[in-house]
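Only one structure is covered here, and it is reproduced in the block below.
Throughout, read-outs are computed from the coordinates displayed, never taken from laboratory work. Treat the numbers as computed from the prediction; the structure is a model and nothing was measured. Please note: Cβ atoms are built from the backbone with ideal geometry, for glycine as well, and neighbour counts cover all protein chains shown.
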Amino acid sequence: MQGLSASALLAFTRPNLSALLSSPAAKPQKVIVVGAGIAGLIAAFELMQSGHDVTLLEARTRPGGRIQTIRDEFSDGLYAEAGAYDFSDAYVVLQRYINLFNLRVDEAGAAEKSVSANDVFYLQGRRYVVERGSDPEWPYNLTPEERKLGVAGLWDKYLAAPIGQIKDPFSLDWPDSSARHIDRVTINEFLRKQGAVRLWSHFSG
């Protein structure tokens, strides 16, 4: 990855949903959308809702892009998520389509409440099996403090605070100084400035 852009971190802000809604086309067109990932599917759907004649092209044998649920390799009723698997109320665009198509949503922790099983991690070419809710012995270059913090604690320590300083991208004075500062550095530089030197040394090679 060459840079950590402010736009990447702004995925955590709430977009102006009204700007994304379809409106009737004054002059319908024939449109080709390349790629049936989530962005392509939404683009094709909204264009069709506006009255355009849309053809959606996808090189793979399935739609969804990085969002994929694997079922065939498991026993009946078991599955694994190969891509995105959770979201929050901040995902207002996604929430719109969940409501529009009346999709069922499982609360966080629903699987853990109904299934008595261990947690499995695959890290650095090795499989780790630990008790549910526990962390493995992370095979990364972490300090004792970082190991104690865990994943959520590391996120809060190194990312949550600077992300919180970025203003709403739809405000008139955006990009602000915080966004410009983050946009000028790489992920490596950013985490090093936050003090995550040893943590990032593994990923930066």
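Loop-located GluC sites (Glu not before Pro) in the stretch 69-173 (DSSP state other than H, G, I, E, B) with a sparse environment of at most 11 neighbouring Cβ atoms within 10 Å: 73, 107, 131, 137.
Straight-line cross-link reach from residue 167 at under 26 Å between alpha-carbon atoms covers these lysines, not counting any fewer than eight positions away in the same chain: 157, 193. Under 12 Å Cα-Cα from residue 30, which aspartates and glutamates qualify once same-chain neighbours fewer than 8 residues away are excluded? Within the straight-line cut-off, residue 30 pairs with 53. For the peptides 26-32, 189-195, residues were scored by their other Cβ atoms within 10 Å and the scores averaged per peptide; the highest-first order is 189-195, 26-32. Remark: the stretch 135-144, residue by residue, has Karplus-estimated 3J(HN,Hα) of 9, x, 7, 3, x, 10, 7, 9, 7, x Hz, where x stands for each Gly or Pro and the curve is 6.51 cos²θ - 1.76 cosθ + 1.60 at θ = phi - 60°. Annotation: amide H-H contacts under 5 Å for residue 58 (H modelled 1.01 Å from N, sequence separation of 5 or more, or interchain): 35.
Within the straight-line cut-off of under 12 Å between alpha carbons, the aspartates and glutamates reachable from residue 148 are 135, 137, sequence neighbours fewer than 8 places apart in one chain being disregarded. Note on the stretch 131-176 and the stretch 69-88: Cα centroid distance 25 Å, given to the nearest whole angstrom. Distances between placed amide hydrogens fall under 5 Å for residue 68 paired with 82, 83, 84, all partners being 5 or more residues away or on another chain.
Based on the Cβ-Cβ distance from residue 31 to residue 117, what FRET efficiency comes out when R0 is 41 Å, to the nearest 0.05?
Numbers: r = 46 Å, r/R0 = 1.11.
Rounded to the nearest 0.05, the efficiency is 0.35.
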